[in-house]
Amino acid sequence: MSSLYWPYLLADYYRILEMFTAVVGILILVSSLDDLFIDLWYWTRQAYRKLLIRRKRYQALTVEQLLAKPEQPLAIMIPAWLEYDVIAPMLENMVGSLDYKNYYIFVGTYCNDQRTIDEVERMRRRYKQLIRVEVPHGGPTCKADCLNWIIQAIFAQDARMPEPFAGMILHDSEDVLHRLELHYFNYLLPRIDFIQLPVTSLERDWYELVAGTYMDEFAEWHTKDLVVRESLSRMVPSAGVGTCFSRRAMLELSAETNNQPFNTDTLTEDYDIGARLARRGMKQIFGKFPVDYVAKRSTWFGHGRDKMIAIRMPLGVREYFPDTFRTAYRQKARWTLGIGLQGWSQVGWEGSLATKYLLFRDRKGLITSFIAILAYVLLAQHLFFLAIGISGYWSTFFPSTFRPNSWLLDLMWVNTFALSLRIIQRAYFVGNMYGWEHALLSGPRMIIGNFINAMAAARAWRLYLGYLFLNKPLVWDKTMHDFPSADQLHQQRMRLGELLVSWRAIDENTLAQALKAQAEEHKPLGQILLENGYLDADTLNEAILFQQEVSEPAPGSPEAAKHADATVNPEQVTAKP
């Protein structure tokens, strides 16, 4: 073909490119108007509460009020499939952190997952409030299936207790809990049927860009979007962790579903159960109780000195999210598949106008995730044509569709303004939670997040179509997680007696008697507990090993002297009980 035709072919191609750009611009505008509505609702609500509600001087809930309410029995549910690497440190941190005594932990394991079973059994020897629930068939099935077996174990334990469980709390094996979490649930039960706490990512290093997208997204979602959802529809979706169900809610759902309250036909049983409880008129709230967190932060993108800071933020659940592109999009594919596709087929478009709008918002990502990537492709081509035009290699073109004063050019400016608002607000929420360095990175990380979301949507469509037309089962797609180290959690060394009481190996009365005997006989506390039959040697061994894992206080310090009277020498553990 003669070189004379190339300029005209390029001109034809560029005209088609402009048409595609106009269509994509319109679609982006529709999505942007949705986001702008959420922004307007949130900031108007914030201004209203600050100017009118707070000026009326309503007294905020205090920690003293939480601690003053008598402790009701609570059950913590942890489904576990291939969690052998994180379940033990998670349980250690949970028991060591919670400032609450009247609770049990139910961990569900599969009969063909021996490594996780071994770790849970090792922890069960330590913690008398831990109950392992075995799913009798092999895994993985789905998370809902594991949870349904846990619920049956909770009801069975219920029958053996003088007071029934007031609430059931959903957690995963990578969660980091705040010490007041159970007190907060206890305060709201039984008058609230469904309580969802904010979920945030533990802080990552600045160069962990994929993991950083979770920091950014959850900082905005669980500060702004869920607040809007609650105020719009009185319905709060469960995040799968940090969710508390009242006893009434679980009993009613179990009675209607043949003792299977969690829907095994979806991969996002948490989202599904929140919608089902809302349709039954049960009261739901998104908890926003401010507490202090202590964080170790590296300044100036890791080049400055490390510092300890106190952050005031809502009581919630923190965890590490995936830090590789593949694990991130596979995890999000499960969310997209369950919320977008399975939710569409099972829930439909039921509910009020506000509920239908929020369902649309949940499902639009099935399409808009691809539009964002298409926009990047179009932008790259426009930059290419701009470059060859400036360089003089191409000068033949038709009159532009985006000529000055055209509505399409105005459309592009509106989309630019909407994108700027997205970036500014994302940076604001991220900066409040993680500092200015991560706020600056949140803009570039939005691009990475868009590619992750597009891959997740593609995988979700592929899995769902395979399920529909090829009968391929949809199973629990396991995402391996990390759990913070003891240094990252700033774990403190407890005295032996306090540690055993927190494990429920002994009660406070037994500890008091043993301490009294220690003062009279001048023997190590562990030896006294063994000799009087208050404790078995295996549990004492576990307690001493646990103490050794936690950093020792400096020799000669007041802390070392404080612990000296309560620490048992390992040789003394072998004494017969």
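Each residue of region 293-298 was assigned a 3J(HN,Hα) from its phi angle through the Karplus curve 6.51 cos²θ - 1.76 cosθ + 1.60 (θ = phi - 60°); the sequence is 10, 10, 9, 9, 10, 8 Hz, with glycine and proline shown as x.
Maximal additional length on extending the THR324-ALA537 stretch stands at 72.4 nm, based on 0.36 nm per residue less the C-alpha distance. Couplings for region 411-424, taken from phi via the Karplus curve 6.51 cos²θ - 1.76 cosθ + 1.60 with θ = phi - 60°, read 4, 5, 5, 5, 5, 5, 4, 5, 5, 4, 4, 4, 5, 5 Hz in order; Gly and Pro are left as x.
Each part gets one Cα centre, and for region 414-460 versus region 89-109 those centres are 34 Å apart. With the simple spin-label model, which puts each label point 7 Å out from Cα in the Cβ direction, the ALA159 to ARG462 separation comes to 4.7 nm. For the chain, DSSP calls about 45 percent of its internal beta bridges antiparallel. Computed over the chain, the per-residue total of -39500 (n - 2.57) for DSSP H runs of n ≥ 4 gives a 222 nm mean residue ellipticity of -17000 deg cm²/dmol, rounded to 500.
Ranked by the mean number of other Cβ atoms within 10 Å of their residues, highest first, the peptides 328-334, 291-297, 22-28, 158-164 fall in the order 328-334, 22-28, 291-297, 158-164. Extension gain, TYR293 to GLU521: 0.36 nm times the residue separation minus the Cα-Cα distance gives 77.9 nm. Ordered from longest to shortest, the equivalent ellipsoid semi-axes for region 63-328 are 28, 23, 20 Å, each the square root of 5 times a Cα gyration tensor eigenvalue.
Report the gain in length on full extension from PHE360 to ALA380: 0.36 nm times residue separation, minus Cα-Cα distance, nm rounded to one decimal.
Computed gain between PHE360 and ALA380 is 4.2 nm.
For region 294-357 and region 172-237, what is the separation of their Cα centres, given in Å? Comparing the Cα centres of region 294-357 and region 172-237, I get a distance of 8 Å. If a/c stays under 1.5 just call it rounded; otherwise compare a/b with b/c (prolate if a/b is bigger, oblate if not). Do that for region 308-392, with a ≥ b ≥ c from the square roots of the Cα gyration tensor eigenvalues. It comes out oblate by the Cα gyration axes. Once a ≥ b ≥ c are taken as the square roots of the eigenvalues of the Cα gyration tensor of region 266-353, is the result rounded (a/c under 1.5), prolate (a/b larger than b/c) or oblate (a/b not larger than b/c)? Oblate, because a/c is 1.5 or more while a/b does not exceed b/c.
Report, by chain and number, residues whose modeled amide H sits under 5 Å from the one on ILE131, excluding near sequence neighbours (fewer than 5 apart, same chain). The list, which skips near neighbours in sequence, is ILE105, PHE106, VAL107. I'd like the orientation of helix 508-521 relative to the chain: the angle between its Cα long axis and the longest Cα principal axis, in ° from 0 to 90, rounded to 10. Roughly 50 degrees, rounded to the nearest 10. In sequence order, region 260-273 has phi-based couplings of 10, x, 8, 6, 7, 8, 9, 8, 10, 4, 5, 4, 5, 6 Hz under the Karplus curve 6.51 cos²θ - 1.76 cosθ + 1.60, θ = phi - 60°, and Gly or Pro positions carry x. With N the number of residues in the chain, Rg(Cα) / (2.2 N^0.38 Å) evaluates to 1.13.
No lab work stands behind these numbers, since they all come straight from the coordinates. Computed from a predicted structure; not experimentally measured. Virtual Cβ from ideal backbone geometry, glycine too; neighbours counted across all protein chains shown.
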